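Notes follow once the structure below has been shown.
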């Protein structure tokens, strides 16, 4: 008799569990459909945006005062060397490298090599974002790990000098020296240059400098820009309607950080704002950008400028996507990472 009662309870509990699971699945389906209908994106992407908004990072950029206050927290005579977080498990092998500079200093880099000792034919020089004052985030490493494993290339990630302790002059000089050395050692056709956000600014600016100097023979095989910050002054009037939807970035604080980084120089100079740079000799450029980020108008303008100059300019616009969306653990991010790997390998 007890066995019968127990069996009855198990059946009833199973039915309840099945009903709960069915209801949860139905709610997820409705939420996913609502996300697609309202934003044109996956439910995962909508959840990521909610997390980013909850994080409150945008508050840093809402005013010049908040940006400077946060920036000054980074001031210090003794900058601790960056270390890859121990909990970040990667499939690629990583190695710390100190790149020697002509002035006797060193530029620290972290390299990622394909797993299991696979030989690589190309090198990806990746310049990380972070508003010129932050080191790479874990998401940078997860993305680069996925790209290197899929494409079979090596990635070199320089830990360039950051604001407010340094200015763009130091970073530009060191990154150009590193790039030239790699281009001469490997050949520019075996080199892909890429970067996101502020790193996209640096990558596009470096390519623009080579164009301006007539050094087309040193230009990389491909240039890949993820949500690049192309105009440090952020003057495009089309930014205004997008700004409320961007969960991460705002113009007042970014402009103030840009002024510190520029150290008194004109923000519209081609060295600082690649939107105004010479692109006449660029060969192959791909831009990934989201529709819910303030860098979209300048990315569209830059792509148009590239095409007018005769460059092969690919533009991947993520509908409903936020800033630097290829870094995030969403279906759209995974698709973008696969596309980047194919571009790097191709």
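Here is how the numbers come out for the structure above:
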| item | result |
| --- | --- |
| Residues of segment 183-218 satisfying the condition of being under 21 Å from the mean Cα position of the chain (by Cα) and outside any helix (DSSP H, G or I) | 191, 192, 193, 194, 195, 196, 197 |
| Every residue from segment 293-308 that is within 20 Å of residue 241 (Cα to Cα) and free of Cβ contacts under 8 Å to residues at least 40 places away in the same chain | 300 |
| Residue 161 without any contact (Cβ under 8 Å) to a residue 40 or more places away in the chain and buried (at least 19 other Cβ atoms within 10 Å of the Cβ) | yes |
| Residue tally, condition within 30 Å of residue 252 (Cα to Cα), touching a helix residue (DSSP H, G or I) at 6+ places or on another chain (Cβ under 7 Å) and not in a loop (DSSP other than H, G, I, E, B), over segment 61-110 | 7 |
| Matching helices (runs of 4 or more DSSP H) fully within segment 230-346 where at least 1 residues are within 28 Å of residue 41 (Cβ to Cβ) and in contact with a strand residue (DSSP E or B) (Cβ under 8 Å, 6 or more places away or on another chain) | 296-308, 331-345 |
| Residues satisfying the stated conditions in segment 140-182, i.e. farther than 26 Å from residue 326 by Cα, outside any helix (DSSP H, G or I) and touching a helix residue (DSSP H, G or I) at 6+ places or on another chain (Cβ under 8 Å) | 164, 167 |
| Filter pass, residue 116 being in contact (Cβ under 8 Å) with a residue 12 or more places away in the chain and outside any loop (DSSP other than H, G, I, E, B) | no |
| Which listed residue, of 262, 258, is crowded, with 24+ Cβ neighbours inside 10 Å and under 26 Å from residue 173 (Cα atoms) | 258 |
| Residue match in segment 58-78 (condition: at pLDDT 90 or above and more than 30 Å from residue 260 (Cβ to Cβ)) | no |
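The values are calculated or read from the model by the stated rules, or taken from the named source; none is laboratory data. Values in this document were obtained by computation on a predicted structure and should not be read as measured data. Positions of Cβ are backbone-derived with ideal geometry, glycine not excepted, and every protein chain shown enters the neighbour counts.
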